[in-house]
Amino acid sequence: MGSRKKDRCKKSKHKKHKRSGDAGEACEATKDRARAHFLDGNTGPWAKSLAAQDAQTPRSAQNENGADPAEDAAALPQGGTATITATRRGPDYSVPSSIDIVADPVLHALSTRRSISKVDPQTPNDSDLLEIIRSISSVADHKALRPWRFLIIRGDDRHRLGDALDEAAGVVRKPGETNTKPLRAELLLALVSSPVKHDKVPEWEQHATAAGAGHLLELALWQAGWGVMWRSGNLTNTEPVRRLHRLDDHELLMGWFYIGAVPERYRQRLTTSTRPLPKPEQFLDTL
């Protein structure tokens with residue numbers, strides 16, 4: 001019995017010694033920690049915390065065991081190589097920003113933009129829309145392929161969209177009833193991603209460009225004084241809906257922008273809104 005305890009003690013000491021001297025396991029522990037923070041959405045704050053810790057610790061050329069990396073490299077056999085892992089620093093927030101979101105009209109519009117779920121009947125006319133589209137054509141677009149387009153939906157075309165949505169959902173309504181969802185605004189713009197074959201621009205990247213055009217549309221309309229809500233759903237790319245929008249097989253319907261005037265009650269609420277923006281640290285990190 002005593003012999004077994006003695007053997008277990010030896011094994012325990014051996015494992016402890018192995019853990020303390022195994023940089024690979026320490027590296028794995030760091031990776032696990034990083035992965036946990038990333039999955040929790042805390043990547044940015046974690047990197048900032050590491051940067052703060054590093055700022056308090058004097059920089060040293062020594063590794064964990066107190067040895068000089070240069071000496072370690074010199075001790076390698078001729079022709080040997082050493083892998084030196086740089087310490088992760090994270091973003092440096094010590095220098096104050098020179099950007100004033102409140103003073104800059106464009107940045108202020110970006111930071112105050114809100115989706116308006118219920119808009120008033122007034123809408124921009126088609127000439128206004130043409131100028132809006134002109135302004136958003138500067139969207140980042142690899143090889144300038146312009147893989148996107150918009151379809152104007154007004155009046156009875158909104159009822160046609162409602163019928164297509166009902167057909168896709170298998171809904172049969174009583175005579176005189178209609179799908180009221182497309183009637184929540186007098187003007188809808190459908191966004192179609194229309195990728196083209198290109199050796200250097202994959203399809204996913206062109207879809208991303210189309211989404212970028214959609215976001216710029218929202219910002220441009222907001223800056224021009226209009227309310228907008230980008231809507232989609234599980235029925236967006238069903239066959240009846242795609243048929244209505246005359247989509248080719250390679251095209252993707254990315255939803256509809258419901259556009260109208262901003263109701264006065266929303267304007268009053270926006271002037272006193274205290275809803276904070278999300279902490280930007282979670283979206284910014286370093287390699």
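The values are calculated or read from the model by the stated rules, or taken from the named source; none is laboratory data. All values reported here derive from a predicted model rather than from experimental measurement. No Cβ is skipped: glycine too gets one built from the backbone with ideal geometry, and neighbour counts run over all protein chains shown. Side chains are part of the model used for accessible areas, which takes the heavy atoms of the whole protein and leaves out ligands, DNA and RNA. Shrake-Rupley method; radii C 1.70, N 1.55, O 1.52, S 1.80 Å.
One line per residue, one yes/no per condition, for (1) in contact with a Leu (Cβ under 6 Å, 6 or more places away or on another chain); (2) modelled with pLDDT of 50 or more; (3) surrounded by 10 or more Cβ atoms within 10 Å (Cβ to Cβ):
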| residue | (1), (2), (3) |
| --- | --- |
| Leu39 | no, no, no |
| Asn42 | no, no, yes |
| Ala52 | no, yes, yes |
| Thr81 | no, yes, no |
| Ala86 | no, yes, no |
| Lys143 | no, yes, yes |
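The residues of region 114-166 that are in a helix (DSSP H, G or I), in contact with a strand residue (DSSP E or B) (Cβ under 8 Å, 6 or more places away or on another chain), hydrophobic (A, V, I, L, M, F, W, C) and within 17 Å of Ala185 (Cα to Cα), listed by number, are Leu129, Leu161. Residues in region 257-276 that are in contact with a Phe, Trp or Tyr (Cβ under 9 Å, 6 or more places away or on another chain), open to solvent by 10 Å² or more (accessible area, probe 1.4 Å) and not in a loop (DSSP other than H, G, I, E, B): Tyr258, Ala261. Just one of the listed residues (Ala103, Ala185) is at negative phi, part of a loop (DSSP other than H, G, I, E, B) and either of a type in the set (S, T, N, Q) or modelled with pLDDT under 95 (or both), and it is Ala103.
Could you please find all residues in region 157-169 being open to solvent by 60 Å² or more (accessible area, probe 1.4 Å) and either within 17 Å of Gly255 (Cα to Cα) or without any contact (Cβ under 8 Å) to a residue 24 or more places away in the chain (or both)? Hits for region 157-169 are Asp157, His159, Arg160, Asp163. All of (1) open to solvent by less than 40 Å² (accessible area, probe 1.4 Å); (2) not polar (S, T, N, Q); (3) not in a helix (DSSP H, G or I) hold for Lys174 with one exception: (1). Out of (1) under 21 Å from Ile133 (Cβ atoms); (2) more than 24 Å from the chain's Cα centre (by Cα); (3) at pLDDT below 95, what's the single condition that is false for Ala261? In the conditions (1) under 21 Å from Ile133 (Cβ atoms); (2) more than 24 Å from the chain's Cα centre (by Cα); (3) at pLDDT below 95, Ala261 misses (3) alone.
For region 181-191, the set of residues classified as open to solvent by 70 Å² or more (accessible area, probe 1.4 Å) and out of contact with any Pro (no Cβ under 8 Å at 6 or more places or on another chain) consists of Lys181, Arg184, listed by residue number.
Take the residues in region 147-156 that are touching a residue at least 12 places away in the same chain (Cβ under 8 Å) and open to solvent by 60 Å² or more (accessible area, probe 1.4 Å); name whichever of them is farthest from Leu183 (Cα to Cα). In this case the residue turns out to be Arg149. Among residues of region 114-139 being closer than 11 Å to Leu216 by Cβ and hydrophobic (A, V, I, L, M, F, W, C), the one that is modelled with the lowest pLDDT is Ile136.
Of all the residues in region 239-254, those that are part of a loop (DSSP other than H, G, I, E, B) and either in contact with a Gly (Cβ under 6 Å, 6 or more places away or on another chain) or open to solvent by 40 Å² or more (accessible area, probe 1.4 Å) (or both) number 4. Is it the case that some residue within region 192-211 is hydrophobic (A, V, I, L, M, F, W, C), crowded, with 19+ Cβ neighbours inside 10 Å, within 19 Å of the chain's Cα centre (by Cα) and under 20 Å from Asp157 (Cα atoms)? No, because not a single residue in region 192-211 is hydrophobic (A, V, I, L, M, F, W, C), crowded, with 19+ Cβ neighbours inside 10 Å, within 19 Å of the chain's Cα centre (by Cα) and under 20 Å from Asp157 (Cα atoms). Being outside any loop (DSSP other than H, G, I, E, B), of a type in the set (Gly, Ala, Ser) and modelled with pLDDT of 95 or more is a property that does not hold for Ala220. Screening Glu205 with (1) charged (D, E, K, R); (2) touching a His at 6+ places or on another chain (Cβ under 9 Å); (3) part of a loop (DSSP other than H, G, I, E, B) gives one miss only, at (3).
For region 223-238, the set of residues classified as under 12 Å from Pro124 (Cβ atoms), part of a strand (DSSP E or B) and open to solvent by 20 Å² or more (accessible area, probe 1.4 Å) consists of Trp226 only.
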